[in-house]
Amino acid sequence: MMSDHYAKVSVQLEQMKSSGKDAAEQGVAHYDHDHHHQVPSSVSSSDPLGGGGGVIVPAGPGGRRDPSKASITYRQRCKSRSKLIKDKKNACVKQQHGSADQQALRHHDPEVAHVVDDAGKNLNRSAVEAQQQQQHHHHEPTLHVKGTGKILQGKTETNGNIAPYHRPKDAKDGHRDDGPLKLARRRRPVTVDTSKAKTSLEAMKLSIKQLRWKEFPLGRRSACDIYWHGVSFHDNENIVSGQVNKFPGMIDMLKKITLSRAVRTMQELFPEEYNFYPRSWILPEEYQQFSAQIRMVKEVDATLKPTFIVKPDGGSQGDGIFLIRDPSDLKVMTGSQAKQAVVQEYIHRPLLIDKLKFDIRLYVLIKSLEPLEIYIAKEGLTRFCTEPYQEPSQKNLSHVFMHLTNYSLNVHSGNFVHSDSLNTGSKRTFSSVLYRLASKGVDIKKVWSDIISLVIKTVIALVPELKVHYQADIPPGKPGPSCFQILGFDILLMKNLKPVLLEVNANPSMKIEHEQQVAPGVFEYVPSPVDEEVKVGVIRDTLRLMDPHKRLPGAQPGGSCEQGEENGGDARSPEKMQEEFGTLPSLCLKQVYPKYTKQFNYLRLVERIAAIFLRFLGVKGNMRLGPTAFRTFIRNCKLSSSHFSMASVDILYIDITRRWSSSLPDSREAGMGLQAFVEAFFHLAGRRFKSQALRDQVSSLLEVCEAQLASTLAFGSLGSEDRRSLSCSRALSRGNRTTQTSGLTTNAQLYSPASQRRAASQDYRLHQRLRPGVLRSNVEN
Ligand code: ADP
């Protein structure tokens, strides 16, 4: 099944024990075999809104923390940023591969070696590589080749990979007379524009070098194959071909409020499946509900003392986050000046290692939206708190080093441990934590499989809105680039090992250096082996997957055709890939979708609603549906009846659109956005199919609509009135506001001519582009 990545893992507990690490001594939360399969019905129910005792700590004005307790202000200190000098020697030494635990596992259990391999340790190589490595070795760590018993030798690079073959001096760029580079000679190298790569630049350079591609650090007059943006799709304007490493709209989609809304929509349809996201309320608009629900919970059980975490919308790196024990602590936030934020149930019983709370950063590649292709990096990071964890109480509520795992905060704690090892210190590899857990008897196969499932479900929740952004920015039929994106998933493991989604970062930090205090108050950037190990692999393998030379002819913008799975979706044979990439290791990115389509496809209901929405939106760059187009949707899908007149349709449109536009104060574009349309669709489904669960109602209505639309096939076969209304809604810029008799047209506020709407939409996007401060603040560092 989907956990095949770890399916063959059989951890040799005896060996682990003999490595002398005792659970109690290590402080790993004791794992309860009896309970670990009892996945709670929701985060909340398994970890009910009750916590330990404790007293409310007021948020303080504006929700700011007491600066004496929170170290956020440290970041503003004057820092000496010395030039990063790569110490290759150090980098090699660190690659002597892991702890005694991991080595013991690798030596004694080839299956576990496979896991290490999957986690980016690159054990599985061809004999050709081995030969090449032997020609150019300097350091010679020995690696067991899975299944062959062979031992390879090779020079290790700073990211833990075997160094690529260095061609003879006399060979021209990319040319060799023999073997692996033959193919490369026939092709021009892939070109990458890194002029906007920002903090990913170092990792990009290393990746491009390993791939022997061509970097354009200052940009290029002619088009590049790949554009690597540090912030958003719009970092470079006017790209008409190639591929960009960002999707339009992703930053907006992943702001805390929008993400919460998207997940909540899925929770309405699939409450069980989406119980990995803590219960959340949007502030200030849902303050009353929040307050009332918590009051009720406390009335039922007075001993409950829940804790909540308040996160400003659009914030990152822990900025502005604080914990509260009661809704009344938020009063200060509910005035007209109230900032937009999410208040969320605080997971008060996280899994601990060494008595410390930690979270997991996993890198996820959305390779294409259509068809949906998702990859997960088999290696990630774990970020540790720097103060031993205690359940929230009045005394400790403001201890950020205890409750928040952000690297950017904890690095400024006196207790932060910088380590060149991958499995000690305050930042470690994910695989090292899995090993640690496996050694305590944790079923890491299940943990991994739950995480994959969480990732796929989250992406499924994001895709509908992303498609709307995509069509608005890159309308079909117009020249434009295709997109892909690496996302950073932040995941917390609860004590019962259930993974919880904290947030998704559109711009996960790809820095491979970290700040280190070299003297009091003086910070320097120094190489971070752990970051380099993980991030260079993720970027390099993303590039490999996006290699334009391997894309099949006819691949659609925003989509790709190749479906091969074993070689990471590559259409070529593994041998071909091996030849072309010479000594590169196997991919550290694992395809999880479409691989697990069967298990997850049923969740893609909202995407089907979005397809209908997009169909009626037209392709003129709008993101909102006008009243006429909404009527056309109703008419084409034959949803009106004697019980549901077109007048009621208009009222529904006005009602829902008005509510959504007041909850989206930023919005400059009038009309019905996707979320509002989804709400309308749910409403229509409920009217038509009573007495079923919402998901059944919705899928029944989808079937009705899809069947109707299929029968009309294309707009050309619509009735004349429909044709008129659609062309009207899409071409009002030409002053064609004629035959519509809708009552809505009298509503000046709602009825915005398409030209205005389009202009507003463009303004909005322009406005977004022109707010570098806002965008930059979304880049994690
Ligand atoms: P930011 O984008 O500012 O980093 P996050 O949502 O990632 O915001 O939250 C910051 C940190 O707070 C997380 O890394 C985690 O340690 C902690 N945290 C966030 N949400 C929760 C939660 N619901 N329960 C427990 N801890 C949380």
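Throughout, read-outs are computed from the coordinates displayed, never taken from laboratory work. Remember, predicted model here, so these are calculated numbers, not experimental data. So basically every Cβ, Gly included, is an ideal-geometry build from the backbone, and we count neighbours across all protein chains shown.
For segment 286-329, which chymotrypsin sites (Phe, Trp or Tyr not before Pro) are in a loop by DSSP, counting at most 12 other Cβ atoms within 10 Å?
Answer by residue number: there is no such site.
Pairs Lys311/Lys378; Lys367/Lys495; Lys457/Lys495; Lys255/Lys445: which are spaced more than 26 Å apart, C-alpha to C-alpha?
Lys311/Lys378; Lys367/Lys495; Lys255/Lys445
May I ask which of Lys440/Lys467; Lys395/Lys498; Lys198/Lys598; Lys467/Lys690 have a Cα-Cα span longer than 32 Å here?
Check vs 32 Å cut-off fails for Lys440/Lys467; Lys198/Lys598.
Can you compute log10 of I(q)/I(0) for segment 586-636 with the Debye formula, treating each Cα as one identical point scatterer, at q = 0.20, 0.24 Å⁻¹?
At q = 0.20, 0.24 Å⁻¹ the computed log10 ratios are -0.76, -0.88.
Would you mind checking which residues have amide H under 5 Å from Tyr593's amide H? H placed 1.01 Å from N; only 5 or more apart, or other chain.
Excluding prolines and chain starts, which carry no amide H, the hits are Ile374.
Going down the table (Lys427/Lys535; Lys511/Lys550; Lys246/Lys446), which pairs top 23 Å between alpha carbons?
Lys511/Lys550; Lys246/Lys446
Restricting attention to segment 208-253, which trypsin sites (Lys or Arg not before Pro) occupy a DSSP loop and are surrounded by at most 11 other Cβ atoms within 10 Å?
Arg221
Sorted by packing (mean other beta-carbon atoms within 10 Å per residue), highest first, where do 293-303, 484-494, 414-424, 690-700 land?
Peptide ranking by packing, descending: 484-494, 414-424, 690-700, 293-303.
From the C-alpha coordinates alone, can you work out the Kirkwood hydrodynamic radius of segment 603-686, in Å?
Evaluated on segment 603-686, it is 13.1 Å.
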